[in-house]
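The values are calculated or read from the model by the stated rules, or taken from the named source; none is laboratory data. Please read these numbers as outputs of a predicted model, since none were measured by experiment. Cβ atoms come from the backbone with ideal geometry, glycine included; neighbour counts cover every protein chain shown.
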Ligand SMILES: [Zn+2]
């Protein structure tokens, strides 16, 4: 009887120890997963891990994917800090408040926009052809589209930004005007439009804008600075500013209601040549 009791106690002890060991192991595994939920995300960057963790603390509502994407976008840094130079021209290049072009950056195949534009407008050739096609088609429906600002040189942007900053202060100017080198207009792929009769800042109130919302993507253009996305793009809503990205990308961005930044960091980051 005594021997039986002793055996039972030993058995219970062994089972208890095994249980404790098993649970400990589970906890260790669980802890590893908990400390790094980001490594499963596409474009996870090991070197950004500490930044993901820090950003998730200040943004508890974002899921792991958004944390990775936004830190990769550099949104955990203030605009115009931790910037990178974009060296190669590409139809899908990203120029924004973190990614800039050097003063002497040149757009290949820059051509004059001969129709549907103010005097002296230039665009990259593919963007120009797509714009002319779009302007022709909208005209057939009785509307007017005109390019009022297209390619801008570094010096032009520099004058423009400095004037805004002088009149309106740097903080205000930064919400609607890019610092030289950081303007998408420097890529030759961006266009500001109006409908000739109204000032461009009222473009949202025109039939042409309604048409653009439904059709611009069919020509490869996206509304570059959408409403309520200022925290990602760094710019106020600009109903007049369009960016050429090509047909398939424009369609995807349109259908999924994305900013170009979101598309770029989900599909293109590290695939395009960058410095
Ligand atoms: Zn613009």
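Worth pointing out:
- Residues satisfying the criterion are absent from the range 33-50 (criterion: modelled with pLDDT under 80 and farther than 30 Å from residue 268 by Cα).
- For residue 183: the one exception among (1) within 12 Å of the ligand (Cβ to nearest atom); (2) modelled with pLDDT under 95: (2)
Yes/no per residue for (1) surrounded by fewer than 16 Cβ atoms within 10 Å (Cβ to Cβ); (2) in contact with a helix residue (DSSP H, G or I) (Cβ under 7 Å, 6 or more places away or on another chain); (3) at negative phi:
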position: 136; (1), (2), (3): yes, no, yes
position: 148; (1), (2), (3): no, yes, yes
position: 152; (1), (2), (3): no, yes, yes
position: 158; (1), (2), (3): no, no, yes
position: 161; (1), (2), (3): no, yes, yes
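- Residues satisfying the stated conditions in the range 209-229, i.e. surrounded by 15 or more Cβ atoms within 10 Å (Cβ to Cβ) and within 16 Å of the ligand (Cβ to nearest atom): 209, 212, 216, 221, 222, 223, 224, 225, 226, 229
- Residue in the range 236-255 that is within 16 Å of the ligand (Cβ to nearest atom), in contact (Cβ under 8 Å) with a residue 24 or more places away in the chain, within 12 Å of the chain's Cα centre (by Cα) and more than 18 Å from residue 126 (Cβ to Cβ) present: no
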